[in-house]
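A.B. asks: Below is one structure. I have some questions about it.
Where a number appears in this text, it was derived from the coordinates with a stated rule and is not lab data. Computed from a prediction, not measured in an experiment: that's the story for all the values here. Every residue, glycine among them, receives a Cβ derived from its backbone with ideal geometry; neighbour counts consider all protein chains shown.
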Amino acid sequence: MPKQIMPSDVSEEDRKRIVVNACLTQFLANGLYKTTTRDLSKSINLQSGGIYYYFKSKSDVVVACAEEASLRLENNLILPALRDMGDPQALVNNLFKRCDELAPTMKFLAQVCSVDEYREAMEPSLYRLSRRYRLYAEMFANNLECSIEEVEPYVYMCITAMTSYMIFGEQLHISPQMELVKNALVQFQGKVRKSTKTMKESHRDDS
């Protein structure tokens, strides 16, 4: 696996981000428990133990990588789904493709969150993530011109189903949920088209 060469002209914040991404790559390749601090240090072209220049302990590295994993999942699953809303079938198909690519990332995050050593440290990050789910539901509602209460259950259903798929790899078990999500999108879009048509006819009559 190629080492991450650290640029000399980057800010401390960007440097830390580069380190976290390199370490996450190691965890995804080798696993949570098989990845050593030596591996992590070598991934950023440092001598053994050099990772402690950036982190106090391996546990801190793990938590930082898990937080980065959760951001990757959001940015590569939820936000693209918003762009695919015009075609519900394409949205579902693309979600499955992205989930296949991101399954190792989800499994790593789930493993970290299941370990007592890391669970408490991950709570603030997971709480912020859960709060953003409401925001995403609001974004879907705005695009579909419906209330957040109407669309929110389907957003959560989709997130839960995709999480299960990435962890267990069983598409058959979540197909009914995803079919419900797709059908709901079609119905919401039908209402939008009907409303738009009614408005146009009303404006035509007024003129």
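The rows are residues; the columns are (1) acidic (D, E); (2) touching a strand residue (DSSP E or B) at 6+ places or on another chain (Cβ under 6 Å); (3) without any contact (Cβ under 8 Å) to a residue 60 or more places away in the chain.
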site	(1), (2), (3)
Q111	no, no, no
S114	no, no, yes
R119	no, no, yes
E123	yes, no, yes
L126	no, no, yes
R131	no, no, yes
S164	no, no, yes
E170	yes, no, yes
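A.B. asks: Additional query: Could you please find all residues in region 46-59 being assigned to a helix (DSSP H, G or I) and touching a Ser or Thr at 6+ places or on another chain (Cβ under 8 Å)?
C.D. replies: Across region 46-59, the qualifying residues are G50, I51, Y52, K58.
A.B. asks: Is there a residue in region 34-52 that is within 20 Å of the chain's Cα centre (by Cα) and under 17 Å from K107 (Cα atoms)?
C.D. replies: Checked region 34-52: no residue is within 20 Å of the chain's Cα centre (by Cα) and under 17 Å from K107 (Cα atoms).
A.B. asks: Name the pairs whose Cβ atoms lie under 8 Å apart, with the first residue in region 40-53 and touching a residue at least 24 places away in the same chain (Cβ under 8 Å), the second of a type in the set (G, A, S), and 6 or more positions between them or separate chains?
C.D. replies: Pairs that qualify, where the first residue is touching a residue at least 24 places away in the same chain (Cβ under 8 Å) and the partner is of a type in the set (G, A, S), are K42/S48; S43/A22; I44/A22; I44/G50; I51/S41.
A.B. asks: Against the definition (under 30 Å from S175 (Cα atoms) and polar (S, T, N, Q)), how does N75 come out, yes or no?
C.D. replies: Criteria met by N75.
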